[in-house]
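Student: Quick one: this structure, given as structure tokens, is what I'll be asking you about.
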Amino acid sequence: MSHFVIVGAGECGARAAWALREKGFDGAITLIGDETLPPYERPPLSKASIGEVLEPKLVADRHRYAEERITLITGVRVNALDVATKQLSLSDGNVLAYDKLLLAIGASARPFPGVPGDSQSIRMLRTHADATALRAAMLPGKHIAIIGGGFIGLELAATARMLGVRVTVVEGLERVLKRGVPQEIADVVATRHRLEGVDVKCGVAITSLTDAAGRATVRLANGDVLEVDLALVGIGAVPNTWLAERASIRVENGIAVDERLRTSAPDIYAAGDCCSFPLHLYGGRRVRLESWRNAQEQGSLAATNMLGGDQTISAVPWFWSDQYDMSLQIAGLADGAVHHLRRDLGSNAFILFHLDADGRLLAASGIGPGNAVARDIRLAEMLIAAGARPDPDALVSPGVKLKSLLAA
Ligand SMILES: Cc1cc2nc3c(=O)[nH]c(=O)nc-3n(C[C@H](O)[C@H](O)[C@H](O)COP(=O)(O)OP(=O)(O)OC[C@H]3O[C@@H](n4cnc5c(N)ncnc54)[C@H](O)[C@@H]3O)c2cc1C
């Protein structure tokens with residue numbers, strides 16, 4: 001009987017395991033992860049209330065894995081991978097043989113330079129354990145410094161304000177969300193945070209981050225010193241690649257896979273946050289995405305191809321973020337765009353369409369209350385997938401339905 005092993009019991013690994021069964025695989029499946037919890041959703045960790053964080057949102061109850069004959073091993077790390085003998089060495093001393101292997105080992109929070117890990121008052125956020133420790137310290141009246149004005153930092157800033165915590169965000173670049181969204185949307189986000197009482201400092205470098213006696217000290221290049229109860233380092237994530245690197249599997253900003261999620265080693269696939277892949281829709285350029293939906297879709301695609309399928313990556317990148325009552329959504333990749341067209345949707349919601357010099361729609365980013373932008377972003381995604389060159393006048397006219405552009 002064939003044995004398929006999935007390393008990394010996160011969103012992607014869990015999705016792949018379920019998809020293998022849904023697609024009719026009858027062999028043995030082992031899903032192995034180094035966290036103690038069964039696979040759970042990470043997005044609520046920065047957004048939800050403390051109660052919801054304490055109760056993790058599981059992808060599926062533990063017993064359901066057994067029902068589907070998926071052997072779920074948690075709290076065990078894969079320490080080494082031998083490509084020649086097709087064996088994995090586990091941290092509990094066991095050795096596991098595989099016929100096909102999926103690496104869905106995700107990413108880790110990027111530490112602040114010179115501050116190797118977490119301490120009581122300097123923390124990072126990636127896991128449920130991180131979130132639980134962080135939230136326990138976020139009490140009303142406490143002061144937290146968030147290092148980095150990216151999505152996770154800003155989501156946490158919003159959550160902290162709702163918990164009555166004083167918040168200072170320190171961003172080294174000239175504005176927040178520099179890598180994530182265009183200026184127009186970042187301005188809306190920063191303004192809202194300031195209205196909610198967050199002190200947003202942009203364009204200030206940090207010269208040192210230290211902790212002593214349960215408090216953190218953030219020294220800024222402009223001479224300011226922040227003494228806070230807690231500093232949250234939210235400066236991005238780094239793909240987990242060491243397992244692949246040590247096995248001489250090709251790595252290029254993540255474990256390098258082809259359009260079918262195959263690594264450079266036979267019978268080994270990689271998917272989700274840990275891998276970089278060529279995106280046909282954008283001229284085959286190699287990208288790595290850190291997005292919940294991408295992790296799900298690639299888990300499923302990897303399962304198809306592990307079973308002998310021949311599916312290539314075709315999904316349009318998509319990401320969302322919730323802060324206060326606002327939701328941001330981004331479809332596609334905007335770099336390379338030269339035209340940015342705005343469509344107002346009413347109720348403080350709008351979408352920006354990003355087009356290249358030939359008028360091809362590359363990306364759309366929107367912001368608004370609740371799910372005000374969801375439907376139009378979904379339609380924009382379909383236009384992007386179709387390689388559409390929509391009429392610019394129609395794009396900016398709220399009276400013209402995007403659906404009609406799709407039909408055109
Ligand atoms: C706080 C937070 C908020 C987020 N919010 C959003 C959002 O709003 N929208 C959005 O689109 N995305 C969001 N994301 C991103 C999304 O959660 C990730 O893209 C997704 O979780 C990636 O899934 P993955 O399975 O590829 O990786 P991961 O979820 O990182 O799972 C990989 C697992 O593999 C384990 N592992 C690694 N190495 C080994 C090893 N050697 N042996 C055994 N196990 C190993 C890891 O510990 C981890 O449990 C958020 C992420 C975080 C952290």
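Any read-out appearing in this document is the output of simple, stated calculations on the displayed coordinates, not a laboratory observation. Nothing here was measured: the structure is a model prediction, and the numbers come from that model. Cβ: placed from backbone, ideal geometry, glycine included. Neighbour counts: every protein chain shown.
Student: Report, in debye and to the nearest 20, how large the dipole of region 325-407 comes out about its Cα centre when Lys and Arg carry +1 and Asp and Glu carry -1 on their Cβ.
Tutor: 220 debye
Student: On to the next question. Could you tell me what a quarter of the Cα convex hull surface of region 325-407 works out to, in nm² with one decimal place?
Tutor: Details: hull surface 18.8 nm².
Mean projected area of the Cα convex hull: 4.7 nm².
Student: Rounded, prolate or oblate for region 221-300? Axes are the square roots of the Cα gyration tensor eigenvalues, ordered a ≥ b ≥ c, and the cut-off for rounded is a/c under 1.5. Before the final figure, lay out each step's value.
Tutor: Details: a/c = 2.58, a/b = 2.10, b/c = 1.23.
It comes out prolate by the Cα gyration axes.
Student: May I ask you to order 150-159, 82-91 by the average number of other C-beta atoms within 10 Å around their residues, highest value first?
Tutor: Details: 150-159: 25.3, 82-91: 14.7.
Taking the mean over residues of other Cβ atoms within 10 Å, the ranking is 150-159, 82-91.
Student: Something else about it: Specify, per residue and in Å³, the volume enclosed by the convex hull of the alpha carbon atoms belonging to region 111-233.
Tutor: 100 Å³
Student: Moving on to the next point. Residue 124: net charge of surrounding residues, Cβ under 12 Å, Lys/Arg +1, Asp/Glu -1, itself excluded?
Tutor: +1
Student: I'd like to know which of 284, 71, 214 lies farthest towards the positive end of the charge dipole of the chain, counting +1 on Cβ of Lys and Arg and -1 on Cβ of Asp and Glu.
Tutor: Positive-most Cα among the choices belongs to 284.
Student: In the Gaussian network model of the chain, springs joining C-alpha atoms below 10 Å, which of 309, 148, 272 carries the largest mean-square fluctuation?
Tutor: Highest fluctuation among the options: 309.
Student: List every residue whose amide H lies under 5 Å from the amide H of residue 77, counting only residues 5 or more places away in sequence or on a different chain, with H placed 1.01 Å from N in the peptide plane.
Tutor: The list, which skips near neighbours in sequence, is 91, 92.
Student: Follow-up. Beyond 31 Å between alpha-carbons counts as too far, so tell me which of 57/401; 23/86; 142/178 fall in that bin.
Tutor: 57/401
Student: Net charge within 11 Å of residue 68 by Cβ-Cβ distance, Lys/Arg positive one each and Asp/Glu negative one each, not counting residue 68 itself?
Tutor: +1
Student: Let me make sure I get this right: for region 1-64, a, b and c are the square roots of the gyration tensor eigenvalues over alpha carbons, sorted descending. Under 1.5 in a/c it's rounded, otherwise prolate if a/b > b/c, else oblate. Which is it?
Tutor: Prolate shape, in that a/c is at least 1.5 and a/b is the bigger ratio.
Student: Another question, then. Indicate the gyration tensor shape class of region 111-177 (rounded, prolate or oblate), computed on the Cα atoms with a ≥ b ≥ c the square roots of the eigenvalues: a/c under 1.5 is rounded; otherwise a/b larger than b/c is prolate and the rest oblate. Provide the component values of the computation, followed by the final result.
Tutor: Numbers: a/c = 1.63, a/b = 1.07, b/c = 1.52.
Oblate is the answer for region 111-177, as a/c is 1.5 or above yet b/c matches or exceeds a/b.
Student: How many angstrom separate the Cα center of region 201-241 from the Cα center of region 4-54?
Tutor: One Cα centre to the other: 32 Å.
Student: Please state, to two decimals, what the Cα-based radius of gyration of the chain comes to when divided by 2.2 N^0.38 Å (N = residues).
Tutor: After normalising by residue count via 2.2 N^0.38 Å, the value is 1.02.
Student: Which far-off residues, 5 or more places away or on another chain, put their amide H under 5 Å from the one on residue 350, with H placed in the peptide plane?
Tutor: 345, 367
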